[in-house]
1. If one computes the Cα centroid of the range 31-49 and of the range 3-30, what distance in Å separates the two points?
2. Would you list the membrane-span-like helices of the chain, meaning whole DSSP H runs whose alpha-carbon atoms span at least 18 Å along their axis and whose mean Kyte-Doolittle value is at least 0.0?
3. Determine, at each q value in 0.12 (inverse angstroms), the log₁₀ of I(q)/I(0) that the Debye formula gives when each Cα of the chain is one equal point scatterer.
4. Report the local net charge at Ile44: Lys and Arg +1, Asp and Glu -1, summed over other residues whose C-beta lies under 15 Å from its C-beta.
5. Mean separation of Cα pairs under 8 Å and 6+ residues apart, divided by the residue count of the chain: what relative contact order is that in percent?
6. Going by average Cβ neighbours within 10 Å, how do the peptides 52-58, 31-37 rank, with the highest at the top?
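Taken together, the values in this text are just the output of simple stated rules run on the coordinates, not laboratory data. None of the values given here were measured: they were computed from a predicted structure. Here the Cβ is made from the backbone with ideal geometry for all residues, glycine too, and neighbour counts use every protein chain on show.
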Amino acid sequence: MVFLSIQELELAINYWRSQSPAPGEELHLCPEAAALAKPYALMIMQGAQRVPMDILDESAMFAIQGYLKNIQNK
């Protein structure tokens, strides 16, 4: 089973926020960052340091896979 740490999740959220910043005063997250925000918040509330990747929903999985692909290409 592959796990995702809270630090990795935070880095992924910040990556997507840098790729698609919120316009104007809206402070609305891009779809990828929003998809990762829910498991991130749950981890904080539960005091978890890592989460199994297979519990992520489809949009969160897409966002984390896109992040990992992009950082590996750098």
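1. Taking the Cα centre of the range 3-30 as reference, the centre of the range 31-49 is 11 Å away.
2. 31-46, 58-72
3. -0.31
4. 0
5. Relative contact order for the chain comes out at 43 percent.
6. In decreasing order of mean packing, 52-58, 31-37 become 31-37, 52-58.
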